[in-house]
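See structure below.
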Amino acid sequence: IKTENKERLIEYINRKFTIKLSVNSMFDIQIKRMHEYKRQLMNLLHCIALYNDIKDDPSAAFTPRTIIFAGKAAPGYWMAKHIIKLINSVSTVVNNDPDVGNKLKLLFLPNYSVSMAEVLIPAADLSEQISTAGKEASGTGNMKFSLNGALTVGTLDGANVEIKDCVGDENIYIFGLNVTEVEELKQHGYNPHNYLQGGSRLKRVLDLIESGFFCPEEQELFKPITDSITCNGDEYMIAADFDSYYEAQQE
């Protein structure tokens, strides 16, 4: 059933894009309103980390993964729209790199709608529910994904708590700070640079974005995004949760 639903999604995407997707890859899907607290950016940074992993050793064993984003940004929400632009710029590089091939694909599907969700949700192998703990009031998208047979990677927040109780620990991948830990870290003075020391995986990703690699014609285009983590306090604590998120994804 899952394979048939993935084939249906591939047919749907083929009507809009020229990209070739493999039904045998893990369909890793995040669909929700574009907002910094929902941390589509962290998902994208993980995609770049996977890209770096492949480039470091193209012959190493790698589980093929298709990462799909969809969702709308509020008309005046500049940062959300800028993150959409970064997703598309990264996808252009990743999807056309011969070293990567079919190991990793990245897509942003425009004009998200209920009709699109009806095709996306049943095709998902992995559901991304990664909001900063304490920010997600409940969540219903996560329920729809779970009811359609997707495993969840997520923070212990909102309806993820109840889903964990229902599906069992073996069918949900919880990572990162919980609500209490987020509050305590902020009270004691959160400093993202504590997580960006030396050759950390996240620092390497941020440096690659800042170098203009994904937009050589306008090299500082995405600096406001990296600055939101490195210079402006990292309000949604991406740096604190990134390594735990990467490890949950590896699992």
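Counting only protein heavy atoms and a 1.4 Å probe, the chain has 47 square angstrom of accessible area per residue. For the chain, the relative contact order comes to 20 percent (Cα pairs under 8 Å, sequence separation of at least 6). Within the range 53-166, DSSP assigns beta bridges of which about 0% are antiparallel (rounded to the nearest 5). Calculated [222 nm] ellipticity per residue, helices only, for the chain: -13500 deg cm²/dmol; basis is -39500 (n - 2.57) per DSSP H run with n ≥ 4, divided by all residues, nearest 500. Summing charges over all other residues whose Cβ lies under 15 Å from the Cβ of residue 190, with Lys and Arg as +1 and Asp and Glu as -1, gives -4. Residue pairs exceeding 22 angstrom between C-alpha atoms, taken from 105/144; 6/144; 135/203; 32/135; 2/81; 81/135: 105/144; 135/203; 2/81.
Annotation note: GluC sites (Glu not before Pro) in the range 116-224 located in DSSP loop regions with a Cβ neighbour count of at most 16 within 10 Å are 217, 218, 220.
In the elastic network of the chain, a GNM with C-alpha springs shorter than 10 Å, the most mobile of 238, 229, 121 is 229. Which entries of 20/223; 20/55; 55/85; 16/103 have Cα-Cα distances beyond 27 Å here? Over 27 Å apart, Cα to Cα: 20/223.
Let me make sure I get this right: for the range 103-251, a, b and c are the square roots of the gyration tensor eigenvalues over alpha carbons, sorted descending. Under 1.5 in a/c it's rounded, otherwise prolate if a/b > b/c, else oblate. Which is it? Here the range 103-251 falls in the oblate category.
Were the residues from residue 201 through residue 111 laid out at 0.36 nm apart, the gain over their Cα-Cα distance would be 29.1 nm. Spin-label pair residue 78-residue 37: with each label point 7 Å from Cα along the Cα-Cβ axis, the two points sit 2.2 nm from one another.
GNM on the chain, alpha-carbon springs under 10 angstrom: the most fluctuating residue among 60, 117, 150 is 60.
Placing unit charges on each Cβ (+1 for Lys and Arg, -1 for Asp and Glu) gives the range 12-170 a dipole about its Cα centre, and among 126, 115, 168 the Cα reaching farthest toward its positive end belongs to 115. On the range 133-221, 49 percent of the accessible area sits on carbon and sulfur atoms, based on a 1.4 Å probe. Springs join every pair of Cα atoms under 10 Å in this Gaussian network model of the chain, and among 88, 194, 24 the largest mean-square fluctuation is at 194.
The values are calculated or read from the model by the stated rules, or taken from the named source; none is laboratory data. Everything numeric here is computed off the predicted structure, so don't read it as measured data. Here Cβ is always computed from backbone atoms with ideal geometry, including for glycine, and neighbour counts include all displayed protein chains. Accessible surface is based on the protein model in full, side chains and every heavy atom, while ligands, DNA and RNA are left aside. Shrake-Rupley method; radii C 1.70, N 1.55, O 1.52, S 1.80 Å.
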